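Notes follow once the structure below has been shown.
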Amino acid sequence: MITRGRFLAVVFSISVPALIVARAQTPAPAQRPPSLAASDEGIPVTDPVVVRACGSCHTRDDKQRMTRISDRRATPENWELTIRRMISLNHVQLTPEVARAVIKSLSDSHGLAPEEARAIQFEAERRLIDFTYEGDKDTNTLCSRCHSIGRVLSERRTKDEWTRLIAMHRYYYPGIDGASGGFRRGGPPPSAAAAAVARGRAGDQSGRGGEQDQPMDKARDVLSRNFPLISAEWTAWSAAMRTPKLAGRWAIAGYAIGRGPVFGQLTIADRAGVADGFTTEGKFTYCRTGETVSRKSRAIVYTGYQWRGRSADSSDDPGTWREVEFIERNGRQITGRWFTGAYDETGIDITLRRVANDPVVSGTDVSALRTSTSNQRVRIYGANFPATVQPADVDFGQGVKIVRIVSTSPEMLTVDVDVAANARLGPRDLSFGGSTIPAPVVVYTKIDAIKVVPVAGMARLGGLKFPNRPEQFEARGVSYGADGKPNTSDDLDLGLVNVRWNLEEYAATFRDDDIQFVGELAQSGLFTPNVDGPNPKRSGNRNNVGDVWVVATYNATSADGSVKPLKARAHLLVTVPLYMDWDSREVGR
Amino acid sequence: MKRAIGFAALLVAAALGASLIAQTKLPAPDNRLTGGNGTLYIGGYPNLIWMIDEATEKVVGTIHTKAGIPRRLNLTRDKKLFYVIDATQEVVEVVDIASKTTLDTFKLTEGSKRVRINSIEPDPTNRYAILLTRTDVKLTDRVDIGPAVLLQYDLKEHKIIRTIDWPDGQERDQANLLFSPDGKFLYFLGNEILIFETEKFTQVDKWDLSNLEEGLGQVSVSFGGFGGLDTVNDQPGFLTTTLTIEDPVQHRRMIGVARIDLNKKDLDFYTLGPAGGVTIVLAPDRKRAYGLESAVGRYEFWTIDLEQRKITSRAEFAGRPRMAMKTSSNGKVLYIYQAGNTIDLYEAGTYKYLRTIELDGDVTTGFYVVPRQAVGATK
């Protein structure tokens, strides 16, 4: 299942529409029937801002539990989606300041524990990955027909609340019940199905005569069982949660697909007047090109560990990059993704390590060292490097010898290394000045194969009415390791290699001609899709959609000096723009 | 610039020449194969029903719907009216085909009570209609989803005559409804066909198709494909459709043809081959049916001889990932349509691609092929 949708516009600092003043929505305030009371396990809502903003519809009982709200926990992104839905469909009017305050408050008081959020961090990080909820594949299929399953797993609710969520879907989307994979099967009544089962007949593909539960009932039961309102993790975290102490210097280590590693430093400062607010200022460099980027950002931390920021406007950074990061409980490491693009498709995987007084090693510009080589140049990035460094101070482990310190600066060491012929193949940790980073390089003998990542890419047509979504591919070298056999546990990922790129037809159907229409693949591995809209040159005036192979060719030099081309490929789906922005604007507002 | 003027002069000269030739010669007879002399009706975006002349394959008229984007067309038995359900499933529009005008619209939604109309079946006299509905109520902080409800609705008085009880109290979300030709019975079409009398709408009979014969195994009968049930080519009181079985011993799935006599509660069936994603449409002569198989990467036409009870030919063709099929009024052309704004024409006898009809907007409903002489006739 492809999990990534359209831009989630969850930039809490500026994105909530400028609508004015909380007041009641269209229906009259409820006379709350007993069935509408928050459950006994409901979490009290004590923030007066939330009570004022939401209280005209969500009434509060004598234990400060608000209907619906108290029976739910969610990530900041999901709370924002709810606020957006309240504004767009229920006509709630909130100032941006109030909306932001409500999202912050609910994310803190009715959020997810770190252990609960870590597994679905890809959702907030807007990653395009292949993810299936293994807890129940039927539920996975049912929900992911329309949106990411990660969006569902970002929620915790009581059983009644899961039921009401399903009801909301059925109210706004009349076709969702549809018999073909929808919430309900239709067809004959359960009694007939039961009779068929009694006669020993399994259900057919339409679901007739099979299980008694409707698909939506099964999903409700699965979700309420596996994602309940109250969990041990949340009970523990909600007691331990506090404002993280993040001010100070941090070393940046990152990786941009197709562009390679980035390293740099940034400073985090407390942001005056903003609860759990921070600003950053820093600089990083793309190792392969030497391009240096300066940037500032501002952020808010939700639920004590969820960093949500965006770049601050500056002449070289128009404020389009967003930051979604996970603060580790030890307060010394932050991981996540910085991203931009109409579909959040361009990004850098980021790790921040706190810098104190000791040296911190972030990584190296090369990711693989070949055996039987001399004077391989390696640049080591980090912070607090001393002015004087001896070769013996730098340790790559067995078989890799530092023969020369070429240069030093506080943020980079340049060294030359020799790799012994008999150096054991495999990853090497790098230690310097008491700081160790695991496996920045691997030792190998030769490139046995290459692979293309992502193995399943997706691009969206655009450029006329809608923005496009390009897809960046990269080729990585592979060594088969000590056993010389492919696809075994000792295979080594050698990192980015330079290749020739081309497209090939993915002949899933006869007379497939997609390659003529889908777009162009540059020698950088960047695929740029064709324009959106019907194309009169295609049969049926079809859009320029299609699927193709993305093929990389690497010329490997054999032992006898001959050049042997190595090939690898990935599948690329080129599809239509995201016409309906389900993620950020419910029902096409 | 000179080149442009010269080219324009050439074009004018060529046009004049062509005009002179046209005046001096009789028009060549149009020998191309066409679908007949009927009319295609198909709903589309935005808010219209196209009327396409089969002979010329041109849009000869449009009916503009007032209720919004048409999502479902229901052709009355006399082929004079369409009952159109809009995309929100809240509004029904009654359209007179001859005058291309809207005769009536109605909806049951009131305020925060939203009534979705999933399907409609007017009685043969158009006095009332049976509506399959579901009522959803928006409350202050939640919505309540009601059960599927079957209503008898007075089309003139615009009021609900009665709520029809579900058999055994078991609601159904989707139902294909069909009146008997004389209007005395209402059929619920599914693996279990329920038969209601139409005075008080009590169930008078039940017919379980899933249990046809011992040893036959699991049986599934489909009614209506994209766009719903189309009985234009069927003899009144009969339905010809596909049937799928899974035999209880080898567990092989096979597809076949079922001809159902609703009046006699009789079903004549036979299997044709392994089950795939095949839908069939009946030819106007009722002696043949055409199958459309659509699997990933493989699209096939089938011809089924209903008298010989066998497939007489199959052939792959360049289909579409999402498509549906209709037969032309003379049975000689197959229309492939559904997603997009085009209708592809294939010769039924050879499966040869003929032409494509291009529309000004995307198709949003199923379509009907109405023979010229059929309009107004109830057969």
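The values are calculated or read from the model by the stated rules, or taken from the named source; none is laboratory data. The model shown is predicted, which means the values in this text are computed figures rather than measured ones. Note that each Cβ is placed from the backbone with ideal geometry, even for glycine, and that neighbours are counted across all protein chains shown.
In the range A:155-167, how many residues are at the interface with chain B (Cβ under 8 Å from one of its Cβ atoms) and within 12 Å of A:ARG68 (Cα to Cα)?
1
The set of residues from the range A:142-158 being of a type in the set (S, T, N, Q) and either in a strand (DSSP E or B) or at pLDDT below 95 (or both) comprises A:SER144, A:SER148. Among the residues making up the range A:221-236, those that are among the aliphatic types (A, V, I, L, M) and farther than 16 Å from A:GLY135 by Cβ are A:LEU229, A:ILE230, A:ALA232, A:ALA236.
Quickly run through the range A:271-294 and pick out the residues that are in a strand (DSSP E or B) and small (Gly, Ala, Ser).
Kept after step one, since they are in a strand (DSSP E or B), are these residues of the range A:271-294: A:277-286, A:292-294.
The answer is A:GLY277, A:GLY282, A:SER294.
Across the range B:58-70, which residue is farthest from the other protein chains (Cβ to nearest Cβ) among those that are closer than 24 Å to B:ASN233 by Cβ and crowded, with 20+ Cβ neighbours inside 10 Å? If you could, list the steps in order and put the result at the bottom.
In the first step, residues of the range B:58-70 are kept if they are closer than 24 Å to B:ASN233 by Cβ; the result is B:58-61, B:63, B:70.
Pick out the ones that are also crowded, with 20+ Cβ neighbours inside 10 Å and you get B:63, B:70.
On the way: B:ILE63: 23, B:PRO70: 15 Å.
Filtering first and then ranking leaves B:ILE63.
Can you pull out every residue in the range B:244-257 that is of a type outside the set (Val, Ile, Thr), under 30 Å from the mean Cα position of the chain (by Cα) and within 12 Å of another protein chain (Cβ to nearest Cβ)? B:GLU246, B:ARG253, listed by residue number. Here's a check for you: in the range B:132-150, which residue that is touching a residue at least 24 places away in the same chain (Cβ under 8 Å) and touching a Ser or Thr at 6+ places or on another chain (Cβ under 8 Å) is farthest from B:SER222 (Cα to Cα)? Result: B:LEU139.
Restricting attention to the range B:146-166, the residues being within 14 Å of another protein chain (Cβ to nearest Cβ) and either surrounded by 19 or more Cβ atoms within 10 Å (Cβ to Cβ) or part of a loop (DSSP other than H, G, I, E, B) (or both) number 4.
Among the residues of the range B:78-94, the one identified as within 14 Å of another protein chain (Cβ to nearest Cβ) and touching a residue at least 40 places away in the same chain (Cβ under 8 Å) is B:ALA87. Which ones in the range B:269-278 are more than 13 Å from chain A (Cβ to nearest Cβ), surrounded by 13 or more Cβ atoms within 10 Å (Cβ to Cβ) and out of contact with any Gly (no Cβ under 8 Å at 6 or more places or on another chain)? Result: B:GLY273, single match.
Just one residue in the set A:ASP349, A:ASP429, A:ASP365 is free of Cβ contacts under 8 Å to residues at least 60 places away in the same chain and not aliphatic (A, V, I, L, M); that residue is A:ASP429.
Among the candidates B:ASP344, B:ASP360, single out the residue that is within 13 Å of another protein chain (Cβ to nearest Cβ), more than 20 Å from B:ASN233 (Cα to Cα) and assigned to a loop (DSSP other than H, G, I, E, B).
Working: B:ASP344 fails: assigned to a loop (DSSP other than H, G, I, E, B).
None of the other options fit; the residue is B:ASP360.
Annotation: of all residues in the range A:518-562 being modelled with pLDDT under 95 and within 18 Å of A:LYS451 (Cα to Cα), the one that is surrounded by the most Cβ atoms within 10 Å (Cβ to Cβ) is A:ALA556.
A single member of B:LYS184, B:LYS200, B:LYS206 is closer than 29 Å to A:GLN214 by Cβ and without any contact (Cβ under 8 Å) to a residue 60 or more places away in the chain, and it is B:LYS206.
Wholly within the range A:295-379, which strands (runs of 3 or more DSSP E) include no fewer than the required count, namely at least 1 residues that are surrounded by fewer than 20 Cβ atoms within 10 Å (Cβ to Cβ) and among the basic types (Lys, Arg)? Step through it out loud before you land on a result.
On the way: elements: A:306-311, A:322-327, A:333-340, A:346-355, A:360-364, A:368-370.
Counting at least 1 such residues, we get A:346-355, A:368-370.
Within the range A:403-425, the set of residues being more than 16 Å from A:GLN376 (Cβ to Cβ), without any contact (Cβ under 8 Å) to a residue 60 or more places away in the chain and not in a strand (DSSP E or B) comprises A:PRO410, A:ASN422, A:ARG424.
Looking across A:THR371, A:THR388, A:THR414, one residue alone is more than 20 Å from A:VAL443 (Cβ to Cβ) and polar (S, T, N, Q). It is A:THR388.
Would you please name the residue that is farthest from the other protein chains (Cβ to nearest Cβ), looking only at residues in the range B:224-239 that are assigned to a loop (DSSP other than H, G, I, E, B) and in contact with an Asp or Glu (Cβ under 8 Å, 6 or more places away or on another chain)? Explain how you work it out, then say what you get.
Of the range B:224-239, the ones assigned to a loop (DSSP other than H, G, I, E, B) are B:224, B:226-227, B:229-237.
Within this subset, residues satisfying the condition of being in contact with an Asp or Glu (Cβ under 8 Å, 6 or more places away or on another chain) are B:224, B:237.
Numbers: B:GLY224: 11, B:GLY237: 22 Å.
Among residues in the range B:224-239 that are assigned to a loop (DSSP other than H, G, I, E, B) and in contact with an Asp or Glu (Cβ under 8 Å, 6 or more places away or on another chain), the one farthest from the other protein chains (Cβ to nearest Cβ) is B:GLY237.
Looking only at residues in the range A:168-190 that are within 7 Å of another protein chain (Cβ to nearest Cβ) and at pLDDT below 85, which one is farthest from B:THR88 (Cα to Cα)? Only one residue fits best here, namely A:PRO190.
Every residue, every condition in (1) closer than 30 Å to B:VAL281 by Cβ; (2) within 11 Å of chain A (Cβ to nearest Cβ); (3) at pLDDT 90 or above, yes or no:
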site	(1), (2), (3)
B:GLN174	yes, yes, no
B:PHE179	yes, no, yes
B:ASP182	yes, no, yes
B:SER210	yes, yes, no
B:GLU214	no, yes, no
B:SER222	yes, yes, no
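Entry remark, the range B:264-298: residues being within 21 Å of the chain's Cα centre (by Cα), among the acidic types (Asp, Glu) and closer than 21 Å to B:MET254 by Cα number 1 in total.
Cβ separations smaller than 9 Å between residues 6+ apart or across chains give the following pairs from the range A:528-556 residues that are closer than 26 Å to B:GLY319 by Cβ and facing another protein chain (nearest Cβ under 10 Å) to residues that are modelled with pLDDT under 90 and outside any loop (DSSP other than H, G, I, E, B): A:PRO534/A:GLY540; A:PRO534/A:ASN541. (1) part of a strand (DSSP E or B); (2) at pLDDT below 95: which one isn't true of B:LYS79, the others all being true? Condition (1) is where B:LYS79 drops out.
The single condition among (1) in contact with a Pro (Cβ under 6 Å, 6 or more places away or on another chain); (2) under 24 Å from A:VAL50 (Cβ atoms); (3) hydrophobic (A, V, I, L, M, F, W, C) that A:LEU142 does not satisfy is (2). In the range B:95-119, of all residues being crowded, with 20+ Cβ neighbours inside 10 Å and more than 14 Å from every other protein chain (Cβ to nearest Cβ), the one that is nearest to A:MET168 (Cα to Cα) corresponds to B:VAL95. Filtered by the rule that a residue be of a type outside the set (A, V, I, L, M, F, W, C) and part of a strand (DSSP E or B), the range A:435-454 gives A:SER435, A:THR436, A:PRO438, A:PRO440, A:TYR444, A:LYS451.
For the range A:46-78, the set of residues classified as away from chain B (no Cβ under 13 Å) and in contact with a His (Cβ under 8 Å, 6 or more places away or on another chain) consists of A:ARG73, A:ALA74, listed by residue number.
Only residues that are of a type in the set (A, V, I, L, M, F, W, C), more than 14 Å from chain A (Cβ to nearest Cβ) and in a strand (DSSP E or B): list them for the range B:302-332, please.
Of the range B:302-332, the ones of a type in the set (A, V, I, L, M, F, W, C) are B:302, B:304, B:306, B:311, B:315, B:317-318, B:323-325.
Going one step further and asking which of them are more than 14 Å from chain A (Cβ to nearest Cβ), we end up with B:302, B:304, B:306, B:311, B:325.
Answer for the range B:302-332, where residues must be of a type in the set (A, V, I, L, M, F, W, C), more than 14 Å from chain A (Cβ to nearest Cβ) and in a strand (DSSP E or B): B:TRP302, B:ILE304, B:ILE311, B:MET325.
Annotation: A:ALA37 fulfils all but one of (1) modelled with pLDDT of 95 or more; (2) closer than 16 Å to A:TRP162 by Cα; the unmet one is (1).
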